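Asks: Here it is: the structure, laid out below.
The values are calculated or read from the model by the stated rules, or taken from the named source; none is laboratory data. What you are looking at is a predicted structure, and each value in this text was computed from that prediction instead of being measured. A quick note on method: Cβ atoms are made from the backbone with ideal geometry, for glycine too, and the neighbour counts reach across all protein chains shown.
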Amino acid sequence: MNNVFDTLKERGLIAQVTHEEPVREVLGKDKVTFYIGFDPTADSLHVGHFLQLMVMSHMQKAGHRPIAVIGGGTAMVGDPSGKTDMRKMLTREEIAKNAECFKRQISRFIDFSDGKALMVNNADWLLELNYVEFLREIGIHFSVNRMLTAECFKSRLEGKGLSFIEFNYMLMQSYDFLQLFKKYNCTMQLGGDDQWSNILYGIDLIRRVEGKEAYGMTFTLLTTSEGKKMGKTESGAIWLDAEKTSPYDFYQYWRNVDDKDVERCLALLTFLPMDEVKRLGSLKDSGINEAKKVLAYEVTRLVHGEEEALKARKAAEALFGGKGDLEDIPGMEMDGSEIKSGIKLLDLIVRANLTPSKSEARRAVQQGGIYLNDEKVSDVDLVVGEKHVQEGFIMLQKGKKNFCRIKVV
């Protein structure tokens, strides 16, 4: 049986590891309990989180036990890692609502039955802490001079500054690791490569308080071959929630990745055997388009299920291949009375989620990127009405790849 460490490394998932040989050895012979944290700062996970879920799934398939830590406590503070500005402060109610959304989504990827995995909320131990006791028992082990050398703090100090509340985040995350180590024998923390400093301090805290060894491993961030972060479009982030990013739009995002990124995405975001990944990644010209279809289908199937992946593929074929079912094209419904009285084109574009704002909708029209029923629109003041309804529908398009089929009811 393959060591999961070798699997993760072969697929390009591992960025850094604290003790490579000991970690590989322990993953090959023991059942390891590990954790990954998810701060519920939004009401859905996004594509960046999906990479973490893939790692958890690989680890669980190899017999190890994941702990998904919902950061109901740490989200009250906000992680400064990778941020140029302080995060928006959320209320307890907002965090609790987001945490429930995260739980539902994570449960689609990880098997929590029969103790095979755990899901906990660090609010359970963080929100009731006595501040003075915490400083005396935990804060004493942290050197401010050393903390200031951490990359997550250095970049903020050199930029817009760092608030004291964010400075506490590293202590809180380290305390999470200590609590999980003591309660569940959790000996390994995993996370994105931007979490490296936080993971190191958690390991150091366990060594100082418990006198025992723990391990850490980070995985690569999801970036293009040019180093740009993936998972963003003109309309915003690519979410795992079908209400926020439709399965069709999700499918199309992966269908349209750059040729150079296909093999890497197949390795990171699917469970296809690496021989097949390399074969697909080596295809050229029209062949690479077939590889992109495989990528789009596989990732959409994992996130939204096989039925939605098939629908998304059929919709793409209907629009771009002259076959398939138009019913599967993403769309929305509008009341016939609203169409009868007329709706401004710019408002309709925003409602169809083709642009995030009216100013961007206006720009798209002016640049010749908006089509109404397959005809280019140049009038930013156009009012869409009954005359634009064809067989009960209005087809709105932005550019070559973004569509919305509006059903008039």
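Asks: Mind counting the residues in the range 363-392 that are in a helix (DSSP H, G or I) and more than 22 Å from Ser341 (Cβ to Cβ)? So that I can check it myself, show each step before the final result.
Replies: Of the range 363-392, the ones in a helix (DSSP H, G or I) are 363-366, 386-388.
Now drop any that are not more than 22 Å from Ser341 (Cβ to Cβ), which leaves 363-364, 366.
Within the range 363-392, residues that are in a helix (DSSP H, G or I) and more than 22 Å from Ser341 (Cβ to Cβ) number 3.
Asks: Does the range 145-152 contain any residue that is crowded, with 17+ Cβ neighbours inside 10 Å and either polar (S, T, N, Q) or within 18 Å of Thr74 (Cα to Cα) (or both)?
Replies: Checking the range 145-152: at least one residue is crowded, with 17+ Cβ neighbours inside 10 Å and either polar (S, T, N, Q) or within 18 Å of Thr74 (Cα to Cα) (or both).
Asks: In addition: Please verify whether Thr187 is touching a residue at least 12 places away in the same chain (Cβ under 8 Å) and outside the structural domain of Ala75 (by TED's automatic domain parsing), treating the condition exactly as stated. Full working, then the answer.
Replies: Working: touching a residue at least 12 places away in the same chain (Cβ under 8 Å): yes; outside the structural domain of Ala75 (by TED's automatic domain parsing): no.
Judged against the criteria, Thr187 is not a match.
Asks: Let me ask something additional. Can you give me the number of residues within the range 343-392 that are surrounded by fewer than 13 Cβ atoms within 10 Å (Cβ to Cβ) and over 29 Å from the mean Cα position of the chain (by Cα)?
Replies: Of the residues in the range 343-392, the ones surrounded by fewer than 13 Cβ atoms within 10 Å (Cβ to Cβ) are 357, 359, 366-368, 374-376, 378-379, 381, 386-387, 390-392.
Subset that is over 29 Å from the mean Cα position of the chain (by Cα): 366-368, 374-376, 378-379, 381, 386-387, 390-392.
Total meeting the criteria: 14.
Asks: Kindly provide the set of residues from the range 19-46 that are touching a Cys at 6+ places or on another chain (Cβ under 6 Å) and not hydroxyl-bearing (Ser, Thr, Tyr), ordered by number.
Replies: Within the range 19-46, just Asp43 meets the criteria.
Asks: For the range 242-310, which fully contained helices (runs of 4 or more DSSP H) count at least 3 residues that are within 30 Å of Phe102 (Cβ to Cβ)?
Replies: Numbers: elements: 247-255, 262-269, 274-281, 286-304.
Ranges flagged: 247-255, 262-269, 286-304.
Asks: Also: Of the conditions (1) over 18 Å from Gly392 (Cβ atoms); (2) at pLDDT below 85; (3) out of contact with any strand residue (DSSP E or B) (no Cβ under 9 Å at 6 or more places or on another chain); (4) not hydrophobic (A, V, I, L, M, F, W, C), Asn353 clears all except one; give me its number.
Replies: For Asn353, the failing item is (3).
Asks: Now, a different point. Going by the conditions given, is Ser174 surrounded by 12 or more Cβ atoms within 10 Å (Cβ to Cβ) and farther than 28 Å from Ile67 by Cα? Show your work before the answer.
Replies: On the way: surrounded by 12 or more Cβ atoms within 10 Å (Cβ to Cβ): yes; farther than 28 Å from Ile67 by Cα: no.
It is false that Ser174 is surrounded by 12 or more Cβ atoms within 10 Å (Cβ to Cβ) and farther than 28 Å from Ile67 by Cα.
Asks: In addition: All but one of (1) in contact (Cβ under 8 Å) with a residue 60 or more places away in the chain; (2) assigned by TED's automatic domain parsing to the domain that holds Ser44 hold for Lys212; which doesn't?
Replies: (1)
Asks: List, please: which pairs have Cβ atoms under 9 Å, are six or more places apart or on different chains, and start with a residue in the range 53-64 that is under 13 Å from Thr33 (Cβ atoms) and end with one that is crowded, with 17+ Cβ neighbours inside 10 Å and of a type in the set (D, E, K, R)?
Replies: Met59/Arg65
Asks: Under 7 Å between Cβ atoms, which residue pairs at least 6 apart in sequence (or on different chains) link something in the range 1-30 that is surrounded by 13 or more Cβ atoms within 10 Å (Cβ to Cβ) with a partner that is assigned to a helix (DSSP H, G or I) and among the acidic types (Asp, Glu)?
Replies: Ala15/Asp193; Gln16/Asp193
Asks: Further, regarding this structure: Filter the range 98-156 for residues that are in a helix (DSSP H, G or I), over 22 Å from the mean Cα position of the chain (by Cα) and polar (S, T, N, Q) and give the result.
Replies: Hits for the range 98-156 are Ser113, Asn145, Ser155.
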